[in-house]
Amino acid sequence: MSDVKSFFDTPAPAHLTGIKAWLLTHDHKRLAIMYLWAVMFWFTVAIILGLLIRIELMSIGPTIMGAKLYNSAFTLHGVIMIFLFIIPAIPAIFGNFILPIQLGADDVFFPRLNLLSWYLYMLGGLLAIVSLFTGGGFPDTGWTFYVPFSVTTNHSVPLTLTAAFILGMSSMLTGLNFITTVHRMRVKEMGWMQIPLFTWSLYATGWVQLLATPVISITLLLVIFERAFGIGLFDPDKGGDPVLYQHLFWMYSHPVVYVMILPGMGIISEVIPTFSRKAIFGYKAIVWSSMGIAVAGSLVWAHHMYTSGISDTAVFIFSLLTYLVAIPTAIKVFSWVATLYKASIEMTPPLLYALIFIYLFTVGGLTGLVIGAAGTNIHVHDTQFIVAHFHFTMFGGAGFAFFAGLHFWWPKMFGVMYNIKKAYIAATLITVGFMFHYVPMFVLGMMGMPRRYFDYLPQFAQGNALAGIGGIIMVIGLLLMLYNLVMSLREKVVAPENPWGGVTLEWSVPSPPPVHNFVTAPSVKDYPYDFSEVLKKAAQS
Amino acid sequence: MDPVLGVDRAFWYIFGVSLILLIGITAVMIYFVVRYRRSKNPVPSDIRGDWKLELIWSIIPTFIALSMFWIGWSSYTGLRNVPDDAIEVEVLGQMFSWIFIYDNDKETENELVVPVNTPVKLNIESLDVIHSFFIPAFRVKVDAVKGLPTYLTFTPKEEGEFDIFCAEYCGTDHSYMTAKLRVVPNEEYEEWLEEEE
């Protein structure tokens, strides 16, 4: 370790002390750490809710809760996982920490706005808690808040919607910050085709956040107005159109799945070359596929609505467009696998998570083809098949990428190394549990079991029992993973500046970095994934 | 072609191609990780891309995707085309049951009876929130929306009892909003239709 003072020991602005040094900080790294703890808190809460849901479903009839509580449980599980975990997780934690360093900058372009984003995130979370205990009971609409149900239920929907609205603001401002930082804060020598792929993916994500979030914000406000004043936008009794709400909702909520997955793909694009000691295969293709996904992904929202009563022409167009999004995604997967060809591969926990990501995400993507096709969609729409599919993409995809990122950048963020063996055990448990948990849901969906079901017919009993067992194994694995990471902070096994042999700029600064990130001026490579120096060093030792 | 068969054919096609791709990708990935592990291959080759290969793996998946789209779309049209001789039944969804109204104003709750080998068209609407009418056995599903009449059609080829579910979450007892579809011989259907409740 160098004798440089890390950002943990240097408040920014400099006059702040104690808790204020955190709560009023402008330092992107401190904000990332603050996001990390908040996000982890919500993640744990939502995991426990998910576990309770699956335990309830392990046998027919009420097991540990009634239908009302169950409906609230899956609503909260969805709202928390989406708005408080998976949307902010990678951009707000790793984006904040790593993006400025990868660009050779000392902070984001708007540090104060960054702090505001964090407060909005916390406020949104707080309101979500308050909404539980005010009004007629826990919110029970599902995370989609479909009208007219969300307008008629007497539970405290407006407050939950306000929480989602504020969280949307937070996400949007983070996106804005990243876009401007990429444009304005890059070191002079860094051209567009020298930007690391993680930062590229956040740049693409930033545009989606910035352009799509206002749609949901307005929609949520409209629902609140509808409830408060009965203006009749969505209420068929007053001449409104409930399907209009679905269009507006998915116009945001479909692009936002790319807000969840694109940064995850960015992490994989960093992890694979690093442990292969080899250039990423097709850098430019990956960059353009990120932008392609961001654009095409914004045009496919109505593929959530084939059965909603939209015209057959609309089904035709949206199904066709949906298939076009599959292409850039496939290109990425092929590029990652090709990177491994003739590489020099070192197995580590982040790489293991990345490889499992490729497998699970491929399953998620391929089952997406079943759902994108019009005829087959009709059968599996709103069934357990959908639940399995989006957990494969969002959890097996974005979630596992997040775990890969955690294990990849943890030594950089805290300057300590976790227990490698425990990390492998946790990864194995999570994966095995994952398969037993979600594969039965594919089968249940094909058999016709709808989603959001509190109870079910006898033919669905076996699958649900199996899924429950898988879920329990998975949660044990997740808790072990979190425990292992937290324990590393106590055991303090010091991590070097560049434990993995990475070549992007964050590996050229101390772990943890000093407050202005760079000790010596950053030097930019012509090609961002050039491993020749790392190899030279390895040959010498 | 029987619409159910059309949908199943689309399922098999997409699942089959997907399975081949999944096995291929996974096998190649595992092979590379084992074959090029650092102890075996300490010095990597510097390969940064190959435009020919990249072009190939952009174009071939495009054709695969388009073929899947097409088979999916044609099976969808099979589900949507209503035969001319279809009998029509009005269906109303409400929290939390299904109501069926026949031509002669006969009304049933959670029990739909239709004659075998006769096309059926169900005209569906909701009385309150959104529901979704789903018969897994016939691969059909459509939302019931207040103020927006929708329809679905199917032709039962054999007698029997089939499950009907509500697939769109609609409140506390959503999962109990189920009904039975009974497919009976023609004569039995006529008799049943004239029965007083």
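The values are calculated or read from the model by the stated rules, or taken from the named source; none is laboratory data. Treat the numbers as computed from the prediction; the structure is a model and nothing was measured. With ideal geometry, Cβ positions are generated from the backbone for all residues, glycine too; neighbour counts draw on all protein chains shown. With ligands, DNA and RNA removed, areas are computed over all heavy atoms of the protein, side chains included. Shrake-Rupley method; radii C 1.70, N 1.55, O 1.52, S 1.80 Å.
Name the single residue, out of those in the range A:517-531 being within 21 Å of A:Thr274 (Cα to Cα) and among the hydroxyl-bearing types (Ser, Thr, Tyr), that is surrounded by the fewest Cβ atoms within 10 Å (Cβ to Cβ). Among residues in the range A:517-531 that are within 21 Å of A:Thr274 (Cα to Cα) and among the hydroxyl-bearing types (Ser, Thr, Tyr), the one surrounded by the fewest Cβ atoms within 10 Å (Cβ to Cβ) is A:Ser523. Could we say that B:Asn81 is open to solvent by 30 Å² or more (accessible area, probe 1.4 Å), more than 30 Å from B:Val116 (Cα to Cα) and of a type outside the set (Asp, Glu) here? In short, no.
Checked against (1) within 14 Å of chain B (Cβ to nearest Cβ); (2) not in a helix (DSSP H, G or I), A:Glu497 passes all but a single condition, namely (1).
For (1) touching a residue at least 60 places away in the same chain (Cβ under 8 Å); (2) of a type in the set (Ser, Thr, Tyr), each residue gets a yes or a no:
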site	(1), (2)
B:Asn81	yes, no
B:Glu88	no, no
B:Tyr102	yes, yes
B:Thr118	yes, yes
B:Ile135	no, no
B:Lys157	yes, no
B:Ser175	no, yes
B:Ala179	yes, no
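Hey, any hits in the range A:18-29 for a residue that's within 20 Å of A:Pro91 (Cα to Cα), open to solvent by 40 Å² or more (accessible area, probe 1.4 Å), part of a loop (DSSP other than H, G, I, E, B) and touching a residue at least 40 places away in the same chain (Cβ under 8 Å)?
Yes, because at least one residue in the range A:18-29 is within 20 Å of A:Pro91 (Cα to Cα), open to solvent by 40 Å² or more (accessible area, probe 1.4 Å), part of a loop (DSSP other than H, G, I, E, B) and touching a residue at least 40 places away in the same chain (Cβ under 8 Å).
Taking the criterion of being among the hydrophobic types (A, V, I, L, M, F, W, C), open to solvent by 10 Å² or more (accessible area, probe 1.4 Å) and within 7 Å of chain A (Cβ to nearest Cβ), the only residue of the range B:132-154 that qualifies is B:Leu148.
Whether any residue in the range B:187-197 is among the aromatic types (Phe, Trp, Tyr), open to solvent by 10 Å² or more (accessible area, probe 1.4 Å), over 20 Å from the mean Cα position of the chain (by Cα) and more than 10 Å from every other protein chain (Cβ to nearest Cβ) is what I want to check.
Within the range B:187-197, one or more residues are among the aromatic types (Phe, Trp, Tyr), open to solvent by 10 Å² or more (accessible area, probe 1.4 Å), over 20 Å from the mean Cα position of the chain (by Cα) and more than 10 Å from every other protein chain (Cβ to nearest Cβ).
A quick yes/no check of all residues on (1) at the interface with chain B (Cβ under 7 Å from one of its Cβ atoms); (2) open to solvent by less than 10 Å² (accessible area, probe 1.4 Å):
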{"residue": "A:Tyr353", "(1), (2)": "no, yes"}
{"residue": "A:Tyr359", "(1), (2)": "yes, no"}
{"residue": "A:Gly365", "(1), (2)": "no, no"}
{"residue": "A:Gly368", "(1), (2)": "no, no"}
{"residue": "A:Ile371", "(1), (2)": "no, no"}
{"residue": "A:Thr376", "(1), (2)": "yes, yes"}
{"residue": "A:Val380", "(1), (2)": "no, yes"}
{"residue": "A:Phe385", "(1), (2)": "no, yes"}
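The condition of being within 14 Å of chain A (Cβ to nearest Cβ) and either among the charged types (D, E, K, R) or part of a strand (DSSP E or B) (or both) does not hold for B:Lys157. When the residues of the range A:422-453 are filtered to those that are crowded, with 19+ Cβ neighbours inside 10 Å and touching a Pro at 6+ places or on another chain (Cβ under 8 Å), which remaining residue is nearest to B:Phe11 (Cα to Cα)? Among those residues, the one meeting the criterion is A:Gly448. For A:Trp336, the criteria (1) of a type in the set (Phe, Trp, Tyr); (2) more than 9 Å from every other protein chain (Cβ to nearest Cβ); (3) over 26 Å from B:Ala144 (Cβ atoms) hold in every case but one, which is (2).
Find all pairs meeting these conditions: Cβ atoms under 6 angstrom apart; at least six residues apart or on different chains; first residue within the range B:1-19 and without any contact (Cβ under 8 Å) to a residue 24 or more places away in the chain and surrounded by 18 or more Cβ atoms within 10 Å (Cβ to Cβ); second residue of a type outside the set (A, V, I, L, M) and assigned to a helix (DSSP H, G or I). Filtered contacts from the range B:1-19: B:Phe11/A:Thr376.
So that you can scan it fast, the table gives a plain yes or no per residue for (1) part of a strand (DSSP E or B); (2) within 12 Å of chain A (Cβ to nearest Cβ); (3) touching a Leu at 6+ places or on another chain (Cβ under 7 Å); (4) open to solvent by less than 10 Å² (accessible area, probe 1.4 Å):
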{"residue": "B:Met68", "(1), (2), (3), (4)": "no, yes, yes, yes"}
{"residue": "B:Val91", "(1), (2), (3), (4)": "yes, no, yes, yes"}
{"residue": "B:Val113", "(1), (2), (3), (4)": "yes, no, no, yes"}
{"residue": "B:Lys121", "(1), (2), (3), (4)": "yes, no, no, no"}
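Of all residues in the range B:48-66, those that are within 7 Å of chain A (Cβ to nearest Cβ) and crowded, with 16+ Cβ neighbours inside 10 Å total 6.
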